[in-house]
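Read the structure below first, then the notes.
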Amino acid sequence: MRFTTGILFLLLFTLLLLISTTENVLSLDWLVDKVPFETTLKKTNRGTLVLSNALVSREFLLEPDFATIDFRDNHTTKSSLLRCVKPEAIITLDGIEYPIGGVLSNAHCAYFNRTLFWTNKTKDPMAFHFKSYDVLQPQAPFKYTPKRHAPSDIVWPPKGIHLKVYFQAPWYAPMPHQYVIVSVNYEMYDGIPLIVKWLEVIDVEQAGDVDLSFISVELLAVNLPWSPMGHYWLYAETNQPGGHGTNVLWNWDTELWTVPGSLPVLLNCTYETDHPIIIPLKGRITSFRVHELVIASSDPERVGLSKHRLVRLLAPHTQENPIFFHMIDSSSPAFRKAIDQLAEVGFEMLIYSFWSGFNMESDDEKYIEEISGKLETDIAYANSKGIEVGGYDLIALTRQVPVQWMAIDPNTG
């Protein structure tokens, strides 16, 4: 009896200690303190997947199809962002629109009635359906090695979990579409309330006879406070520069079952909306990435610091601050004299600038052959002094440049 009582006491003590530790961790400020929880992916008793790092979590339904059924802020408001279930994405193949995952329900979309949702959810017969998933390490979208006085604690790629979910075409899809696989990718990182999402569309047959268009890379039905129409607690952006073909759209939802008079906000991350961008699908095409940062605050200082933290995590090279010099005379004597002076006073980089005499846009083979030997010896001299050498050019849509350099195809937009 004493032995049993001792074990029960020990279990109760351990449970209370875990609860106390969790509460203490969640009381930490992720902008100031190091959050000791690692990102995890766990299967729940009801068969769902939960991707979480203690600060934020996203829960996925697996049956009857794959869908996001919860997206929670665990660090400030302790509440859900979601008011309704939507497809994970939407694409078109040869003009046929396909939702990617998602489920159908009679529950209206003004708020998330989870009890009703669990009683009547059904598979959308028109959608690409869940096939399988892989759990991976985060991918580095580009190679990077910290240098030029970058912080010593940079981890690249960031630590976390990469969840890759595969979808296959519905039975009724035309035969060329049956060879198309869509993967929806989610990455969550340790110590920051951030989710990164993107799509990959793969033509297994590689016949090149299917035309692809992205309608939605991310589609979230969110509660009002998280939107710009409310408190703007959710910050969403793409990894592309603004005005270059990607859009983060906050609109009002036109869902059939929305209650009249409600304020149903819909986040749609997509490409251009004034005309479809159609791409021949051959092999693999990857979309832009969506960054979803759960700030859970309208305080300007916290908002700014949160965005800076995101940039430092996903673009660590921005923390480098090389001291550089714009060179406008590319002759060897002037170049080497400048290098000697730069090395003496502590500069780290020289840049061939405008009007330097070095034509970086030339495709004349004779000129390239003549300049290559000179550049090679000059740059080797600079490197021997610890100076890196680069070039500065401006290839913009606002001036006349070769058609093949244009960022936007004049025929397809």
TODO: Go ahead and run the numbers for FRET between residue 115 and residue 27, Cβ-Cβ distance against an R0 of 22 Å, rounding to 0.05.
DONE: 0.10
Task: Within a Gaussian network of the chain (alpha carbon springs, distance under 10 Å), most fluctuating of 90, 192, 285 - done: 285
Task: Relative frequency of Cα-Cα separations exceeding 34 Å in the chain, percent - done: 46
TODO: Could you give log10 I(q)/I(0) at q = 0.13, 0.18, 0.20, 0.21 Å⁻¹ for the range 324-405, computed by the Debye formula over C-alpha point scatterers of equal weight, without solvent?
DONE: -0.45, -0.78, -0.91, -0.97
TODO: Pop a pseudo-label 7 angstrom from the Cα along the beta-carbon direction at both residue 354 and residue 122 and give the gap in nm to one decimal.
DONE: 6.4
TODO: Put one equal scatterer on each alpha carbon of the range 256-381, apply the Debye formula with no solvent term, and list log10 I(q)/I(0) at q = 0.12, 0.21 1/Å to two decimals.
DONE: -0.87, -1.17
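By average Cβ neighbour count within 10 Å, what is the ranking of 75-82, 118-125 from highest down?
75-82, 118-125
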Open item on the list: Which of 268, 106, 74 ends up with the largest GNM mean-square fluctuation for the chain, with Cα atoms connected below 10 Å?
Closed with: 106
Task: Segment residue 319-residue 34, length gained on full extension (0.36 nm per residue, minus Cα span) - done: 100.7 nm
- [ ] May I ask you to derive the FRET efficiency for residue 142 and residue 362 from their Cβ-Cβ distance with R0 = 25 Å, giving the value to the nearest 0.05?
- [x] 0.40
Task: Where a label projected 7 Å from the Cα of residue 43 along Cα→Cβ would reach, residues of the range 79-110 with amide N under 13 Å - done: none
Open item on the list: Can you compute the modelled spin-label distance between residue 237 and residue 164, with each label point 7 Å from Cα toward Cβ, in nm?
Closed with: 2.7
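First measure r as the distance between the Cβ atoms of residue 392 and residue 308, then evaluate 1/(1 + (r/R0)^6) with R0 = 22 Å and state the FRET efficiency to the nearest 0.05.
On the way: r = 26 Å, r/R0 = 1.17.
Efficiency at R0 = 22 Å is approximately 0.30.
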Task: Isolated Cys in the chain, by beta carbon distance under 4.7 Å - done: 269
- [ ] Report relative contact order for the range 196-315 in percent, whole number only (criteria: Cα-Cα under 8 Å, sequence separation at least 6).
- [x] 41
Task: Label-reachable residues, the range 165-189, where backbone N falls under 16 Å from a point 7 Å from residue 132's Cα toward its Cβ - done: 165-169, 180-184
TODO: Using the Cα centre as the reference, give the magnitude of the dipole from point charges on the C-beta atoms of the chain (Lys, Arg: +1; Asp, Glu: -1; all else neutral), rounded to the nearest 20 debye.
DONE: 1740
Task: Across 34/197; 143/282; 42/131; 43/121; 123/164; 43/131, pairs whose alpha-carbon gap is larger than 22 Å - done: 34/197; 143/282
TODO: Would you work out which of 359, 380, 332 lies farthest towards the positive end of the dipole of the range 324-405? Charges go on Cβ: Lys and Arg +1, Asp and Glu -1.
DONE: 332
Task: Expected 222 nm ellipticity per residue - DSSP helices of 4 or more, -39500 (n - 2.57), all of the chain, to 500 - done: -6500 deg cm²/dmol
Open item on the list: Need the list of aspartates and glutamates near residue 78 for cross-linking: C-alpha distance under 18 angstrom, and skip anything on the same chain fewer than eight residues off.
Closed with: 23, 29, 59, 70, 292, 299
TODO: Figure the gain on full extension for residue 97 and residue 149 (residue separation times 0.36 nm, minus the Cα-Cα span) and round it to one decimal in nm.
DONE: 13.8 nm
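Laboratory data are not the source of any read-out in this text; all were calculated from the coordinates shown. Just so you know, these numbers come straight off a predicted model, no measurement behind them. We place every Cβ from the backbone using ideal geometry, glycine too, and count neighbours over all the protein chains shown.
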